[in-house]
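The values are calculated or read from the model by the stated rules, or taken from the named source; none is laboratory data. Since this is a predicted model, take the numbers as computed values, not measurements. Glycine gets a Cβ as well: all are built from the backbone with ideal geometry, and neighbour counts include every protein chain shown. Ligands, DNA and RNA are stripped out before the accessible areas are found, and what is left, the full protein with its side chains, is counted by its heavy atoms. Shrake-Rupley method; radii C 1.70, N 1.55, O 1.52, S 1.80 Å.
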Amino acid sequence: MDEPPSSEERADSSHVVGVSLCDAAPLLWRVEDLRAVRSQGLVGALLGSLPRTPRQNGRLGRPLLLLPEEERLLSERRAAAAFPAGNQDGGGVEQHKEDQRRSYEEQSVLALEDRKSALLRAMTSSHTGSESGAEAPDEALQGRLEALDRSFTFPESALAVQLSTARAGLTYCPEARAFLQADWPIRGQDGPRCNARYQVFRDLRERGFYLTSAGKFGGDFLVYPGDPLRYHAHFIAVCLALDESVCLLDVLAVTRLGSNVKKTVLLCSPGPDGGVLYTSLQWSGMV
């Protein structure tokens with residue numbers, strides 16, 4: 001007899017997260033999707049930045065890059081679906097060019113009005129207090145304005161560009177969910193290595209831990225006791241098969257690294273019964 005779904009699983013099913021696949025990278029663009037995965041204890045990594053400051057990592061925004069294990073967990077819970085490939089560009093390149101052309105025309109009109117206002121202020125202020133010959137300045141001003149109409153050009157380099165996520169087919173309309181492909185799993189994620197990582201990820205998440213990538217620490221996951229915005233990671237999880245042999249130098253290296261960053265290294269091995277065996281390593285010095 002199947003067990004009734006947990007409260008967390010019921011909450012997951014109330015919101016279907018729209019995943020945009022960019023090659024092998026699962027990305028989330030909508031704010032509501034970011035809130036949904038965060039409420040489920042999934043962290044991901046923000047990648048977006050402004051075009052004028054692309055090489056910085058202090059103020060990153062959407063999209064959110066999911067770990068493969070996070071995407072697989074959402075798919076297993078039936079809480080994610082992929083945007084159809086034909087809908088991800090929101091009308092394609094031609095629609096984008098048309099939007100850019102319309103925006104250029106609107107900004108050209110506004111730029112011309114601003115130039116006329118500046119000219120009007122400059123010429124009016126230069127003749128303030130002079131009542132004699134008032135008609136001549138008016139005629140000169142009118143001539144300057146007409147000449148500006150004929151000669152003014154708005155350079156394309158001055159065009160203000162708005163980068164809208166709506167072009168990726170990502171809207172906040174309730175009808176947008178109808179365009180999601182509800183085929184699970186989203187894509188194949190097989191292989192012994194992938195399955196081992198996923199079993200470890202799912203087990204630690206079910207225990208209440210938060211996980212992020214640990215590539216820069218030489219492991220598979222960084223394990224946090226709570227939200228990473230409030231806590232430092234306590235563990236570096238390294239996923240290994242039960243029958244996998246490990247070089248002693250590799251064990252010493254990762255343990256030494258864990259000691260330097262004040263984290264405990266966990267060797268995580270999925271068992272045949274579906275559970276996960278954990279072995280903690282602590283650096284105690286060389287003899």
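Before moving on, here are some points about what is shown:
- Among Thr255, Thr124, the order of accessible area from largest down is Thr124, Thr255, computed with a 1.4 Å probe on protein heavy atoms.
- Residue-wise HN-Hα couplings along segment 215-232, as the Karplus relation 6.51 cos²θ - 1.76 cosθ + 1.60 with θ = phi - 60° gives them from phi, are x, 6, 10, x, x, 8, 9, 8, 10, 10, x, x, 4, x, 6, 10, 10, 8 Hz; Gly and Pro carry x.
- Per residue accessible area in Å² of segment 209-287, where ligands, DNA and RNA are left out and the probe is 1.4 Å: 60
- With 10 Å bins from 0: P(r) over segment 208-287, alpha-carbon pairs, percent: 18, 49, 28, 5
- Within the assembled protein chains, the solvent-accessible surface assigned to Leu21 is about 50 Å², based on a 1.4 Å probe.
- Carbon and sulfur %, accessible surface of segment 194-287 computed with the full protein complex present, 1.4 Å: 54
- Stretchable slack from Leu252 to Ser151, in nm (0.36 nm times residue separation minus alpha-carbon distance): 29.0 nm
- Backbone N under 20 Å from the Leu159 label point (7 Å along Cα→Cβ), restricted to segment 100-123: 100-115
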